[in-house]
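Worksheet: the structure to be examined is printed underneath.
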Amino acid sequence: MRAHLLDIGILLRKATPGRVWNTAQVVSSYILSRLTGRARAWGLPMALAFEPTTSCNLRCPECPSGLRSFTRPTGMLAPDLFRQTMDELGSRLWYLIFYFQGEPYLHPEFLDLVRYASRKGVYTATSTNAHFLTDDNARRTVESGLDRLIISLDGTTQDVYQQYRVGGKLEKVLEGTRNVVRWRKALKQNTPRIVFQFLVVRPNEHQLADAKALAQALGVDDVWFKTAQIYDYQHGSPLIPTIDYYSRYAANGNGTYRLKNKLVNGCWKMWHSCVVTWDGKVVPCCFDKDAEYRLGDASHGSFAGLWRGAKYQGFRQALLKGRDQVEMCRNCTQGTKVWG
């Protein structure tokens, strides 16, 4: 809890009049949209996910990058596109995560992009499988100004870890973690805040306590237990946990499964955040992994025009009318992390 509060403190220190005013615009437009049933969008995104690359070194079984199952092309984010977008949105933006699909550290200029956003006062985060946190990359990570480093753990022993992180080496994850912790101390910095993210699936659900103990031993600031999205959940999966608390799905008693949560019309994410793919396609959220619901292109025209444009407003309106009518939303749950 203390680590979580420290993280919130770092975020709040990013406050400026422009960001506070933008927040008021976004929140009020969302509330009014929900009350009236008519989509409005004031302000600009408060949070943004930017995809450095779709490339990945692992082959995780429920990940399009790992399965190499994308229909969209694989590539690397152009630094000019990133800087252009940040120049327009940076003064209003609170939070930027360098992640959608793929492994961010495979992008050769990744840490330069982090530094650019950090210098604009934006809270920066990334999620990594930690296989590229060499001593040099760990030092550069701390020096970049990155505020949060999410490291995928998913197992505390190699035999368990590799069942989901196919092709991965747990020792490289631990070595990379030690490198960042060491450089953070050496450079006398309190960032990045380091988080172990543990995707709870059936093969690793017996290691939750071990994950907490490992994090404490290594000097990691927090552990998040994340529920897993299963694509073909209706017919069950060997990955669905037996611990009900960590499952997004409930058994029907006849061998089939259903989502636990009830889909509520409207979606806060559509008013305050979005995702930009490596090639500039703007999509609604992280559930649109193959960029099927493209709402615009960040490389053409102003982001403000795209954000308030007819296509985006039409999508928001569709969610207000019936979220269950949007295929992407049918396997969506909110609150996918459980604080350790």
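Structure notes:
- Shown in residue order for the range 151-160 are the 3J(HN,Hα) couplings computed by the Karplus curve 6.51 cos²θ - 1.76 cosθ + 1.60 at θ = phi - 60°: 10, 6, 9, 6, x, 9, 10, 4, 5, 7 Hz (x for Gly and Pro).
- Size of charge dipole - the chain - debye, nearest 20, with Cβ of Lys, Arg +1 and Asp, Glu -1, no other charges: 1060 debye
- Top of Thr256, Thr23, Thr156 by mean-square fluctuation, Gaussian network on the chain, Cα under 10 Å: Thr256
- Accessible surface of the chain [probe 1.4 Å, protein heavy atoms]: carbon and sulfur percent: 54 percent
- Taking only the C-alpha atoms of the chain, Rg followed by Dmax gives 19.7, 57 Å.
- 3J(HN,Hα) from dihedral phi, the range 163-168, Karplus parametrisation 6.51/-1.76/1.60, rounded to Hz, x for glycine, proline: 5, 9, 7, 5, x, x
- Interchain or long-range residues, amide H under 5 Å from Trp278's placed H: Glu51
- Near the amide H of Tyr257, within less than 5 Å, lie the amide hydrogens of His235, Gly236, Asn252, all on another chain or at least 5 residues away, with H placed in the peptide plane.
- Residues whose amide H comes within less than 5 Å of that of Phe287, counting only those at least five positions distant or on another chain, are absent (H built at 1.01 Å from N in the peptide plane).
- Pairs beyond 28 Å (Cα-Cα), from Lys172/Lys226; Lys120/Lys212; Lys281/Lys321; Lys172/Lys281; Lys188/Lys281; Lys212/Lys281: Lys120/Lys212; Lys172/Lys281; Lys188/Lys281; Lys212/Lys281
- Alpha-carbon centroid distance for the pair the range 239-283 / the range 82-108, whole angstrom: 23 Å
The values are calculated or read from the model by the stated rules, or taken from the named source; none is laboratory data. The structure displayed is predicted, hence computed values, not measured ones. Note that each Cβ is placed from the backbone with ideal geometry, even for glycine, and that neighbours are counted across all protein chains shown. Calculation scope for accessible area: heavy atoms of the full protein, side chains included, ligands and nucleic acids excluded. Shrake-Rupley method; radii C 1.70, N 1.55, O 1.52, S 1.80 Å.
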